[in-house]
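Visitor: One structure, pasted below without further comment.
Where a number appears in this text, it was derived from the coordinates with a stated rule and is not lab data. The structure presented is a predicted model; accordingly, all values stated were derived computationally and were not measured. With ideal geometry, Cβ positions are generated from the backbone for all residues, glycine too; neighbour counts draw on all protein chains shown.
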Amino acid sequence: MSPRVSMVVNGRGVEADVEPRRLLADFLREDVHLYGTHLGCEHGVCGACTVLVDGEPVRSCLMLAVQADGGEVTTVEGLSRDGGLHPLQEAFHEHHALQCGFCTPGFLLTSLYLLRERPDLDDEGEIRAALSGNLCRCTGYQNIVDAVRDAAARMRQDSPTTKG
Amino acid sequence: MPAWVGRRMPRREDAELLTGRGRFIGDLGRSGMVHAVFLRSPYPHARIVSIDASRALAMPGVRAVLTGADLPEDLGAQPNTHLFGERETPYFALARERARYAGEPVAVIVADSQYLAEDARDEVIVDWEPLPSVGDADRALADDAPLVYGDRDWPDNVAATFEQEMGDVDSAFDEADVVVTERYRIQRQFGCSLETRGVLAEWDENVDELTLWTSSQIVHIARDLLAAVLGLPEHRIRVLVPRIGGGFGAKFHFYPEETAVALAARATGRPVRWVEDRMESFLATVHAREQRVEISMAAREDGTITAVKGDLVGDMGAALHTVGYGPLWLTAVMITNVYEIPNARVRARAVVTNKTPLGSFRGWGQPQANFVVERTVDRLARELGMDRADLRRRNFIPPERLPRKSLHHTLDSGDYPRCLDRALELLDERGWRERQHELRDEGRHVGIGISFYTENSALGPSRMLNQGGVQQGGYDIARVRVEPGGEVTLYTGLCEMGQGVTNALSQVCADNLGVHPEKIKVVTGDTSQVPYTGYGTGASRGAAVGGAAVMRASRKVREKVMRIAGHMLEANPDDLEAEDGMIFVRGTPTAAVTMGDVGRAAYLRAIELPEGEDPGLEAIEAFDPPQFAWPYGANIAVVEVDVDTGEVSFLDYIYVHDCGTIVNPMIVEGQIMGAVAQGIGAALFESLPYDEEGQPLFGTFMEYVLPTAAELPRLVMEHQHTPSPNIPGGMKGVGEAGTIGSPAAVVAAIEDALAPYGVRINETPVTPSAILAMVGEREVTPA
């Protein structure tokens, strides 16, 4: 018996019958065909599979698809705006904040949440602490930290109403 | 004038990866595809009495279960391409009769989904007869040790002994004023790319041809080894490599799963995909590094090091994998590092144990060599009462005496003192020596550690590799084609795994052909398209060997472009220049044709070609380096140790190096930052411990601790530039460099920080609990 789940993924409604044990990550990848959500550990440590569910970051390898029923999910595919890159994506590109790119979707979603919560963020130590739940094996994080700080500044400029 | 080489050009593949459109092995699908999982040995050493798969096979959706007994009679053992005179340690796609390490693949289960395949795996019943086993190289060397290959009549657990010597070591030790001897233990680590491994195989039984996608750094070697194992001609196998989520050497190997998944595809008649589970990866992917080293150095009172000898034991695990005991060999032959030490002797024993096979990880054997040499130089400095940097300066091979033969290799070029001096200048500019005193006076434990490395890169001269026993070349071949529209396609056998080699190669091509890099598409990872590469993607050879091949092919095409353009412009080809896709008469930019005009002439309008010129516009050129290249550099770590918690934090990290010509500084810096992070992981966190019998004491990322953004330092980096005399273009390569000197510098800094306690740290990783044990157990003050 497979319950029916429905959710909004990157602004589009999706519905499917899924086994209760099906992971949200597998649902997004195999059923919705959004392969940008990557599985790096399947035990909730590496953060590569991070997506936003109702605006909150979750490890989609630790959440079942049925738990996201009725929710709104944002994956890396939902980040770019009007065909252009999101300021976070632009900053990652310009700062060489990705090498193999496998962990990148998780970092982007974590950072997106972070900068929505803390648009004023600028302190390196705070950024490092906030990103410490995501693993990257390629970059040594320095360029990721720089990209997130730069993206925060760009986003503040883009939305001047935000209090600094 | 180079327009693109040396430029900080952001990567073109980023857009794909940033928007979730990059396709990795786990993202690939084929019509009718089914899924494989592996059943692995739970025992370090056990005989397989029987396997009963009947219940699994009866489950709906289960397609096949293959075991060692189902393997073709004539299936070859998994090959080792680095033969240095060792005993054979044959192992197969699936264990036949016995398993020699926990995690060895025993059966492959194929089902309609991965969930079903995992369910079915639980129903496969193996009757095991556990056998005596050994989980430690020291124990494996004991007289009464269980034998890993007792069934093959080995009298002991030593797979190979390598010895090399130069000069008169014994006399040098007899005549020495000072001798220091130290024993080091370097732990098991592994590459641990964020993307695990994976394979997708499709067997076309109509024509008996295999197509195999694999997350691998060795596209041609994988094809050839598959051909050898399966007994198929190479041209009936096509290997493709999609986007790779990091390799770090662990994907430089040819694995049992590649063979087993291919066989499963043949058995089921369906495309079969296997993606390694993270927990599985800790046992199924090659481990690296583990060695015990005893090293002695002899010196005169003035600090001249006169001799070094090393006795190395490599814990190879249960089999010699694709690269044999290559990394251990490299540690042994690099025992003199960058120093002018006339007398040296090494013995390295490759010892088998009931553990996951040891293999490649960024740096191969060099981080170990650097650690034991650099830490011992520090000891010697202390013994002599000399400054650590002065002792290094005194023993550096001076620039005027390069190139110079060391124990095995010939170091090529550079200025080591200038590099170290600049790093020390930065240390002083940033005030650390003064601040260390001030902070110490405040009761804080602050230390400074120094190390100096060189790296064996641009691997390598094919004849030298073959003479050493390597059954592979070291050359690279590039193919450059100008298309009819003037765009360029560059084909390389090197694999892009995130290190940015395709971007770098397009910069080299752009300069040498006279086009914009945006006009160049780089094709990688398909044996049906790309030229053969001798050694695969590793050993910091992409920019140097691959770059030189691209340079040659680009220039060859450019010559033809100039002949055709000269004909079209009625000008002497020698008077032409090419830039940004325009070919023009020097000094008269209005007299010009485009690369597209030339392309059309070459393919479509023979009427515009010079008399006797062949159609087509492409070249294939090989480059086989005459010598290795030797980048080098200084690491200086400044750390603070909290003696109440054992925590190490970085106050600063200085990295000054020379990797010859830099193609793209942004990429070079990224490579170094990432590699230093792995070296810091080695120094502080990462370890794969086993119990005495060979049972793993790890299984998740909670035990195998990777460094996060919160622990790692910001690097202060400077480049120096001594072009390699042996590589056209002067590139030396940089991929592995950061892993080599960083563990020694970090551990030296910790030791310095703990100077009041007089500790000696000869073992990594230096975890908080190791530090607490060294400084004596203390009560942790509650916050």
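Visitor: State, to one decimal in nm, how far the label point of B:R382 lies from the label point of B:E16, with both points 7 Å from Cα in the Cβ direction.
Guide: A separation of 5.1 nm, rounded to one decimal place.
Visitor: Please report, for the Cα atoms of the range A:87-158, the Rg to one decimal and the Dmax as a whole number; what are they, in angstrom?
Guide: Reported Rg and Dmax, both Å: 10.8, 32.
Visitor: Here is a follow-up. Over the range A:4-77, what is the mean sequence separation of C-alpha contacts under 8 Å (at least six apart), divided by residue count, expressed as relative contact order in percent?
Guide: 40
Visitor: May I pose another question? When chain A is modelled as a GNM with alpha-carbon springs shorter than 10 Å, which of A:V145, A:V32, A:V51 fluctuates the most?
Guide: Comparing A:V145, A:V32, A:V51 in the GNM, the peak value goes to A:V32.
Visitor: Modelling each spin label as a point 7 Å along the Cα-to-Cβ direction, I'd like the B:D170/B:E429 distance in nm, to one decimal.
Guide: Between B:D170 and B:E429, the label points sit 5.1 nm apart.
Visitor: Another one. Give a quick list of GluC sites (Glu not before Pro) in the range A:117-153 that DSSP marks as loop, anything other than H, G, I, E or B, with at most 10 other Cβ atoms within 10 Å.
Guide: none
Visitor: Based on Cα positions only, what radius of gyration and what Dmax would you give for chain B, in angstroms?
Guide: Both quantities, over Cα of chain B: 27.5, 89 Å.
Visitor: Taking a ≥ b ≥ c as the square roots of the eigenvalues of the Cα gyration tensor of chain A, is the shape rounded (a/c under 1.5), prolate (a/b larger than b/c) or oblate?
Guide: prolate
Visitor: Please compute the volume of the convex hull spanned by the alpha-carbon atoms of the range B:460-623 and report it per residue in Å³.
Guide: Taking only Cα atoms, the range B:460-623 has a hull volume of 118 Å³ per residue.
Visitor: Additional query: Looking only at other chains, what is the average number of their beta-carbon atoms within 10 angstrom of each beta-carbon in A:79-91?
Guide: Taking all residues of A:79-91 together, the mean is 2.
Visitor: Length gain on complete extension for the stretch B:E703 to B:D644, per 0.36 nm per residue less the alpha carbon to alpha carbon distance?
Guide: In short, 19.0 nm is gained.
Visitor: Select from B:P146, A:V58, B:T700 the residue farthest towards the positive end of the dipole of the protein assembly as shown; place +1 on Cβ of Lys and Arg, -1 on Cβ of Asp and Glu, and compute about the Cα centre.
Guide: Among B:P146, A:V58, B:T700, the one farthest towards the positive end of the dipole of the protein assembly as shown is A:V58.
Visitor: So for the range A:87-158, averaging the separation of alpha carbon pairs under 8 Å that are six or more residues apart and normalising by length, what relative contact order in percent results?
Guide: Once normalised by length, the contact order is 53 percent.
Visitor: Here is a further query. Modelled label-to-label distance, B:D151 and B:R418, 7 Å Cα→beta-carbon offset: nm?
Guide: 5.9
Visitor: Looking at this model, which pairs from B:K519/B:K556; B:K309/B:K405; B:K251/B:K519 are more than 20 angstrom apart at the alpha-carbon?
Guide: B:K251/B:K519
Visitor: So, by mean Cβ neighbours within 10 angstrom, what's the order for B:132-145, B:625-638, B:105-118 with the highest one leading?
Guide: Ranked by mean Cβ neighbours within 10 Å, highest first: B:625-638, B:105-118, B:132-145.
Visitor: Tally Lys and Arg at +1 and Asp and Glu at -1 over the other residues with C-beta under 9 Å from the C-beta of B:S193: what net charge comes out?
Guide: +2
Visitor: Rg over Rh of the range B:117-210, using C-alpha atoms and the Kirkwood radius, what does it come to?
Guide: Ratio of gyration radius to Kirkwood radius for the range B:117-210: 1.17.
Visitor: Also: By counting other Cβ atoms within 10 Å of each Cβ, how are A:M63, B:M386 ranked from fewest to most?
Guide: In order of increasing Cβ crowding within 10 Å: B:M386, A:M63.
Visitor: Once the Cα atoms of helix A:104-117 and of chain A are each reduced to a long axis, what angle between those two axes, in degrees from 0 to 90 to the nearest 10, is obtained?
Guide: 70
Visitor: Taking the beta-carbon count within 10 Å as an exposure proxy, list B:R185, B:R541, A:R4 from fewest neighbours to most.
Guide: Ascending number of Cβ neighbours within 10 Å: A:R4, B:R185, B:R541.
Visitor: If packing is taken as the average count of other Cβ atoms within 10 Å, what order do B:424-432, B:438-446, B:283-291 fall into, highest mean first?
Guide: Packing order, densest peptide first, comes out as B:283-291, B:424-432, B:438-446.
Visitor: If you count, for every residue in A:31-44, the Cβ atoms of partner chains within 10 Å of its Cβ, what is the mean?
Guide: Taking all residues of A:31-44 together, the mean is 5.
Visitor: Another question about this same structure. Roughly speaking, what % of Cα-Cα pairs in the protein assembly as shown are separated by over 49 Å, rounded to a whole number?
Guide: 22
Visitor: Right, here's the next one. Which value results when the Cα radius of gyration for the range A:4-77 is divided by 2.2 N^0.38 Å?
Guide: Dividing the Cα Rg of the range A:4-77 by 2.2 N^0.38 Å gives 0.95.
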